[in-house]
Amino acid sequence: MLIRFGFEIDIDCVAPVPMLLALSTHSTLGQSPLNARLIGQDFVRAPQSCGARSYVDQFGNRITRIVTPAGSTRLWSDCVIDFAGDVDEQAPFAVQHPIADLPDDVLSYLLASRYCDSDNLTAQAWNIFGQTAEGWGRVEAIVAFVHQHVTFGYHFGRANKTASEVFREKTGVCRDFAHLAISLCRAMNIPARYASGYLGDIGVPYSGPPDFCAWFEVYLGGRWYTFDARYSTPRAARILMVRGADAADVAMITSFGGYRLTYFRVWTEEIDSTLSDDAVHDMLRTRPGGDPLVYPSSARMA
């Protein structure tokens, strides 16, 4: 399966602003079991004046550092991935581990975090899910509950919304669905972490203009599995960008000064799987939709 994915983001600043960008695919992309292959270059491109450079953080996320100059700046990326694009793996017999048996590096995903205030939802979680069977079935029950409990809408989103507020208000965007599900899992002693990336409408009906999407992962049966409370059904062809305790660890843009977002576009689309690498490279010379490539010639790799 070949999928073209990328973004264009325009921002305006009245003065230079240092920024951290979590807009690249995850450093583990291409490792087993995905065996993904990138055609083209997956990096955040920015004008030379931004001084872009990148590093890998403690979660394996590739973070780009820039300093945006005063005025308008375009950030962009465009790439093709060649991978199986399988539907989220299902393991209905995956067991829930006793806390004493969990690996050291998993324990932190049992703790409350900035947006996943699981300590404020412990009583509710045990009241709702205390009688469910431990393991995979309990996580499925949590996913089904959040999917039914929360109404999706972009106008419901706000940057400082916590999981307990999502629980009370019953509204949110995809990150809020993930935060609430993570918090309920942690309250039930199931390690859970936040994830985000590209998720196109591949194999499902069209759901609206593409956007970055949040989901979550839980540790069961000795490994991490993907769940999605917004859609409440396994999906195909996720392209992982970032992981963390919650969205605070993986904000798309972390700025150390004011800026205004003036343009935002994301694409995730399946293309002809028979195309050669040369044909794909030719395709990447035009913007999605066939528009001429008008990115700044001074763009550089980060």
Pick out the one residue from R230, R193 that is within 19 Å of D88 (Cβ to Cβ), modelled with pLDDT of 95 or more and not in a loop (DSSP other than H, G, I, E, B).
R193
Considering only the range 233-263, how many residues are under 16 Å from the mean Cα position of the chain (by Cα) and not in a loop (DSSP other than H, G, I, E, B)?
12
Return the residues of the range 155-177 that are within 22 Å of G244 (Cα to Cα), out of contact with any strand residue (DSSP E or B) (no Cβ under 8 Å at 6 or more places or on another chain) and not acidic (D, E); say none if nothing qualifies.
R158, A159, N160, T162, A163, S164, F167
Could you tell me which residue of the range 71-85 is nearest to the chain's Cα centre (by Cα), considering only residues that are surrounded by 20 or more Cβ atoms within 10 Å (Cβ to Cβ) and under 15 Å from V17 (Cβ atoms)?
L75
If Y55 satisfies every condition in (1) surrounded by fewer than 16 Cβ atoms within 10 Å (Cβ to Cβ); (2) more than 30 Å from R158 (Cα to Cα); (3) among the aromatic types (F, W, Y) but one, which is the exception?
(2)
Does D42 satisfy the condition of being free of Cβ contacts under 8 Å to residues at least 40 places away in the same chain, surrounded by 14 or more Cβ atoms within 10 Å (Cβ to Cβ) and either hydrophobic (A, V, I, L, M, F, W, C) or out of contact with any Phe, Trp or Tyr (no Cβ under 8 Å at 6 or more places or on another chain) (or both)?
yes
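Residue by residue, here is whether (1) in contact with a Cys (Cβ under 8 Å, 6 or more places away or on another chain); (2) in contact (Cβ under 8 Å) with a residue 12 or more places away in the chain; (3) farther than 28 Å from S24 by Cβ holds:
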position: I81; (1), (2), (3): no, yes, no
position: G85; (1), (2), (3): no, yes, no
position: Q90; (1), (2), (3): no, yes, yes
position: Q96; (1), (2), (3): no, yes, yes
position: D101; (1), (2), (3): no, no, yes
position: V106; (1), (2), (3): no, yes, no
position: D117; (1), (2), (3): no, yes, yes
position: Q124; (1), (2), (3): no, yes, yes
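Yes/no per residue for (1) crowded, with 23+ Cβ neighbours inside 10 Å; (2) in contact with a strand residue (DSSP E or B) (Cβ under 6 Å, 6 or more places away or on another chain):
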| residue | (1), (2) |
| --- | --- |
| N189 | no, no |
| Y194 | yes, yes |
| P205 | no, no |
| G208 | no, no |
| R223 | no, no |
| A229 | yes, no |
| S232 | no, no |
| R235 | no, no |
| D249 | no, no |
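The values are calculated or read from the model by the stated rules, or taken from the named source; none is laboratory data. Bear in mind that the values here come from a model prediction, so they are computed numbers and not experimental data. Cβ: placed from backbone, ideal geometry, glycine included. Neighbour counts: every protein chain shown.
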